[in-house]
Amino acid sequence: MSEAFEPRIVGFLCNWCSYRAADLAGISRIKHAPNVRIIRVMCSGRVDPSFVLKALALGADGVMVAGCHPGECHYIEQNYKTIRRYGMLKHTLKAFGLEDDRVRLIWASAAEGQQLAEAIDRFVQDVRRLGPLNWPRFWNEDPARLAAVEKMAAEHAEAMEVPA
Amino acid sequence: MAERVGVYVCHCGSNIAGMVDCEAVARWAKENVSDVAVSRDYKFMCSSLGQAMIEEDIRKEGLTRVVVAACSPHLHEKTFRRACSNAGLNPYLMQMCNIREHVSWVAQERDPATEKAKSLISAAVARVKRQEPLEPMKVGVNPRTLVVGGGIAGLQATLELADAGYPVVLVERSPSIGGHMAQFDKTFPTLDCSACILTPKMSEAYQHENVTLYSYAELEEVSGSVGAFKVRIRKRARSVREDLCTGCGACIEKCPRKVVDNDFEVGLGYRKAIYMPFPQAVPKIPVIDRENCTWFQRGKCRVCEKMCQPGAIDYDQQDEIIELDVGNIILATGWKLFDCRKIPQYGYGRLANVFTNMEFERLCNAAGPTSGKIVLRDGKTEPRSVAIVHCVGSRDKNHNEHCSAVCCMAALKFGHLVLEKTGAEVYSFYIDMRTNQKMYEEFYCRLLEEGMHFIRGRVAEITDAARMPGEEGKLIIQCEDTLLGRQRRIPVDMVILMGALEPQADAKELGLKCGISCSMAGWYTERHPKLDPVATMTDGVFVAGACQGAKDIPAAVAQGAAAAARVMGMITKGTVEIEPVVASIDEEGCSGCRICNNMCPYNAIEYDAGRNVSRVITALCKGCGTCVAACPAGVITGSHFNNEQIGAEIEGILWDARAAAGRGAAAAV
Ligand SMILES: Cc1cc2nc3c(=O)[nH]c(=O)nc-3n(C[C@H](O)[C@H](O)[C@H](O)COP(=O)(O)OP(=O)(O)OC[C@H]3O[C@@H](n4cnc5c(N)ncnc54)[C@H](O)[C@@H]3O)c2cc1C
Ligand code: SF4
Ligand code: SF4
Ligand code: FES
């Protein structure tokens, strides 16, 4: 067996589109990298950013979040919330000193088995290029980083807005 | 007390076992995953023996949780939940883990596949231990059903339900029901008259005491869920009062404004500005086409008003919005024709005597613009030779990959009609002849005997540029005859393009309203392509007819009846169980920040100003979990997908990473 680095990736897939796309990839026997381990959630909107951080902290080298295409969420518009959280998450990762490419948000309709398989392959390749994630190794007290955290919070104040 | 988990690894014949070492996985689970009391592998877990195995272990081994590692939960979750129930275990204490679709069917090597299966099982065990017993919520099924689309499939569904005594609301977009079948003269393979078999069904549906028909209407909005949908229908203004109109047609006769009929007559005939699409239209109530009406456009005329004795003309009529409660929805919105202009080398729209299949249907229809005479575009010359080109826009990577399923048969039907009515030579240019239903091959043989010519090959070009003697003034079909292995040029007077059946332009939009998805091409996706062809992934929404894929009338009718039968089953049962996956807020911990309030697209979260807390209205919550992920206090729980369960799943799925890091073995989970 070759010694190439095989990343461990956790994938959060929504029940309605992307999980079914993964099923369809199976039904159509579309071979793809075995690295993404799938957790089913009802909607990409259920993916609490802390799940992603938890996965990375517990040894995942990357995390994929997949949902229905914007405008096609089974719950009308929840994946737009996912988009906002994803942006926030990327900032958070950078603030932590991690490569933000370790998380990826993708869309796949229930008919897109092929597209999902390709997206998985691409992501696995990209994470393989980044190498293993060793979170503690990345962490140090860096003023620039702390500033990034502040900035992130400010930029996303709107997402946390309270209705009047 | 520690849980006792049973793990069952399915071979699925060789579907899983061919790529995953199921035996090793089962052994590994027993030895390495904590709280696994029983772990077995078996040929077919979903078989009755497999289910019995689980039931027996629950009883004898005292299992408190079950994990089935097999196919997708979308296929067999219900099966294994039922098995658990049978043995007295709450069905929500079972977790499936998808090692077929997500592992064995997509992996290329055995070792990584086996390792992936272990991860998924480890995750499922970790999760299932934290699952809680739940009771499905019971919802009463409103016996009224909404059928969208009044083609033959929708009519069949409507009549089946209405005859069984249940109320049906039929919504049809055009001014009359009937769909495409109303435009045909004869139907293959029996050649019975389309109108003769269709119109009785149309009037029966209209007159049925259990049917409410909204024609010239569209479905605007759907909310709620199975058993209790709320729908909003927009009934467009006809400018004619249905309660007063007697259908005499005096208005139509006297209307001075003639318009090319691009709908029913596909551009070959005329109608008036006030019109009924065809004489047998149901309902027999005209519509004013406001865009072409002289009164609406220029403020003069009102002739129809003067002609109408009962005074039914109402120029000020407004669209009407109708809101209804229904228990189930059947979509039967059919198909639309491929735009043959998209293949310019076939000359449609440029060469006068190139017709589409739907144009030809009208040409040979006794009630059509030529009273059934097959003539060229000049309206009088009978063709002496006709070419029929198959697969125009189907089986073509540039347009539609699918086979339209009916064109070969329709081409044979046309061949027969041309031979019968004109005695012209008829050439069919086909790729493969597909006549695979009852009596279809026999019909093909009949046409071979009747003298229709068959040339196998895709047509390259249709041109009026004569190159050889005998080609002047003709349309020349250039094609490679793949049986003879040479190029041929065949001059003819008339060409019929067998345009593809395509999904309706708004299929996706309508599907989204009802929460169902389409294939890449745009056909509605059924729950299972073989075993559940009319149900969809959204409970209470069914599909029938050509909106699910190109098909002929018998298949459309069969699906209409099947969808109706499924709905009747639900009505008879009276209640449906819906997944108890909903959010709830622990009011003790809620700070009243209201962040969750605008997360919910269903307005299922209300704010109690008095107590400064938010509350989920369970009946409105659909369980997406977005608010759960948003609550900064972490006090919203999404049942069956709570933080603890998903957290455990994450830990479990990464068991090997933790094992590698030496931070405690998998047993810790
Ligand atoms: C040239 C040709 C000839 C054919 N000849 C034959 C034949 O001889 N024998 C045979 O078995 N089959 C034949 N077919 C196939 C036949 O047309 C289909 O099987 C049949 O039309 C399918 O019926 P349907 O009810 O599913 O769809 P349709 O007939 O398309 O009816 C759908 C209905 O839904 C309505 N609708 C659409 N969208 C909406 C909406 N959003 N809201 C409300 N209403 C909506 C439409 O107005 C229409 O009334 C032929 C097809 C072609 C192209
Ligand atoms: S987000 Fe949480 S704390 Fe804020 S109102 Fe909603 S439930 Fe209460
Ligand atoms: S889970 Fe989704 S549907 Fe239910 S209350 Fe929360 S946001 Fe609304
Ligand atoms: S259900 Fe797929 S993203 Fe919301």
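The values are calculated or read from the model by the stated rules, or taken from the named source; none is laboratory data. Bear in mind that the values here come from a model prediction, so they are computed numbers and not experimental data. Ideal geometry is used to build each Cβ from the backbone, glycine not excepted, and the neighbour counts take in all protein chains shown. Note: areas computed on protein heavy atoms with side chains; ligands, DNA, RNA excluded. Shrake-Rupley method; radii C 1.70, N 1.55, O 1.52, S 1.80 Å.
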Exercise for the section: Bin width 10 Å, alpha-carbon pairs only: give the P(r) of segment B:5-134 as whole percents, running from 0 to the bin holding the largest distance. Expected result: 15, 51, 30, 4
Practice task
Quick one: which residues, 5 or more positions from A:I38 or on another chain, have an amide H under 5 Å from its amide H? H modelled 1.01 Å from N in the peptide plane, none for Pro or chain starts.
Solution key: A:G11
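What percentage of all Cα-Cα pairs in chain B are separated by more than 34 Å?
That fraction is 59 percent.
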Practice task
Write down the Kirkwood hydrodynamic radius of segment B:336-502, to one decimal in angstroms, obtained as one divided by the mean of 1/r over all alpha carbon pairs.
Solution key: 15.9
Practice task
Provide, for q = 0.15, 0.25, 0.26, 0.31 Å⁻¹, the log10 of I(q)/I(0) from a solvent-free Debye sum over equal Cα point scatterers in segment B:157-210.
Solution key: -0.48, -0.99, -1.03, -1.19
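What Kirkwood hydrodynamic radius, in Å, does the protein assembly as shown give when the mean of 1/r is taken over all pairs of distinct Cα atoms and then inverted?
30.3
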Exercise for the section: Quickly rank B:438-450, B:255-267 as a protection proxy: mean count of other C-beta atoms within 10 Å, highest first. Expected result: B:255-267, B:438-450
Exercise for the section: Taking chain B as the reference, fit the longest principal axis to its C-alpha atoms, fit the long axis of helix B:110-128 to the helix C-alpha atoms, and give the angle between the two in degrees, 0 to 90, nearest 10. Expected result: 70
Practice task
Return the percentage of antiparallel bridges among DSSP beta bridges fully within chain B, rounded to the nearest 5 %.
Solution key: 50
Exercise for the section: Would you please classify the overall shape of segment A:1-96 from the alpha carbon gyration tensor, given that a ≥ b ≥ c denote the square roots of the eigenvalues, rounded means a/c under 1.5, and beyond that prolate means a/b larger than b/c while oblate covers the rest? Expected result: oblate
Completion exercise
Counting other chain Cβ atoms within 10 Å of each Cβ in B:595-606 and taking the mean gives 2
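Starting from the Cα coordinates of segment B:583-639, work out the convex hull volume and express it per residue in Å³.
Details: hull volume 3.8 nm³, N = 57.
Output value, Cα hull per residue: 67 Å³.
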Exercise for the section: Could you let me know the centre-to-centre spacing of segment B:1-56 and segment B:631-652, using Cα atoms, in angstrom? Expected result: 26
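To check you understand DSSP bridge types, tell me what percent of the beta bridges within the protein assembly as shown (both residues inside) are antiparallel, rounded to 5.
Beta bridges within the protein assembly as shown, antiparallel portion: roughly 45 percent.
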Handout entry: Heavy-atom SASA rank of B:F44, B:F414 (probe 1.4 Å, accessible area, largest first)
Key = B:F44, B:F414
Handout entry: Charge sum, other residues only, whose C-beta stays under 12 Å from B:A157's C-beta, Lys/Arg counted +1 and Asp/Glu -1
Key = 0
Completion exercise
Filtering GluC sites (Glu not before Pro) in segment B:558-620 by DSSP loop and by at most 13 other Cβ atoms within 10 Å leaves B:E588
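Keeping all protein chains in place and using 1.4 angstrom, which order do B:T333, B:T482 fall into by accessible surface area, from largest down?
B:T482, B:T333
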Practice task
Determine which aspartates and glutamates satisfy two conditions relative to B:K474: a Cα distance under 18 Å, and not lying fewer than 8 residues away in the same chain.
Solution key: B:D378, B:E382, B:E425, B:E461, B:D464, B:D493
Fill in the blank from the handout: For segment A:1-99, listing trypsin sites (Lys or Arg not before Pro) in a DSSP loop whose Cβ sees at most 16 other Cβ atoms within 10 Å gives A:R29, A:K31
Completion exercise
So, over other residues within a Cβ distance under 10 Å of A:S44, counting Lys, Arg +1 and Asp, Glu -1, the net charge is +3
Practice task
Write down the Å³ per residue value for the convex hull defined by the alpha carbon atoms of segment B:118-189.
Solution key: 235
Practice task
Sort segment B:203-261 into rounded, prolate or oblate with this rule: let a ≥ b ≥ c be the square roots of the eigenvalues of the Cα gyration tensor; rounded if a/c is under 1.5, and if a/c is not under 1.5, prolate when a/b is larger than b/c, oblate otherwise.
Solution key: prolate
Exercise for the section: Could you tell me the accessible area of B:T618 in Å² (1.4 Å probe, neighbours in place), rounded to the nearest ten? Expected result: 70
Exercise for the section: Report, in degrees rounded to the nearest 10, the 0 to 90 angle that the Cα long axis of helix B:194-207 makes with the longest principal axis of chain B. Expected result: 60
Problem - Global geometry of segment A:9-159, whether rounded, prolate or oblate, following the gyration tensor of its Cα atoms and the 1.5 cut on a/c - result: oblate
Exercise for the section: Provide the per-residue ³J(HN,Hα) series for segment B:379-388, in order, calculated from phi with Karplus coefficients 6.51, -1.76, 1.60 and θ = phi - 60°, each as a whole number of Hz, with x at glycine and proline positions. Expected result: x, 9, 6, 7, x, 9, 8, 10, 10, 10
Exercise for the section: Over the whole of A:106-115, what's the average partner chain Cβ count within 10 Å per residue? Rounded to a whole number, please. Expected result: 3
Problem - Rg over Rh [alpha-carbon atoms, Kirkwood Rh] for segment B:238-396 - result: 1.05
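Give me the 1.4 Å probe accessible area per residue for chain B, excluding ligands and nucleic acids, in Å².
42
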Handout entry: Base-10 log of normalised Debye intensity for segment B:440-541 (one unit scatterer per alpha-carbon) at q = 0.20, 0.23 Å⁻¹
Key = -1.00, -1.18
Exercise for the section: For segment B:567-669, run through the trypsin sites (Lys or Arg not before Pro) and keep only the ones in DSSP coil with at most 15 other Cβ atoms within 10 Å of their Cβ. Expected result: B:R611, B:R663
Exercise for the section: At a 1.4 Å probe radius, which order do B:T572, B:T199 fall into by accessible area, largest first? Expected result: B:T572, B:T199
Practice task
Could you work out the mean count of beta carbons from other protein chains within 10 Å of each residue's beta carbon in A:25-38?
Solution key: 6
Exercise for the section: Tell me what the protein assembly as shown gives for mean residue ellipticity at 222 nm when only DSSP H runs of n ≥ 4 count, each as -39,500 (n - 2.57), the sum divided by the residue total, rounded to 500 deg cm²/dmol. Expected result: -9500 deg cm²/dmol
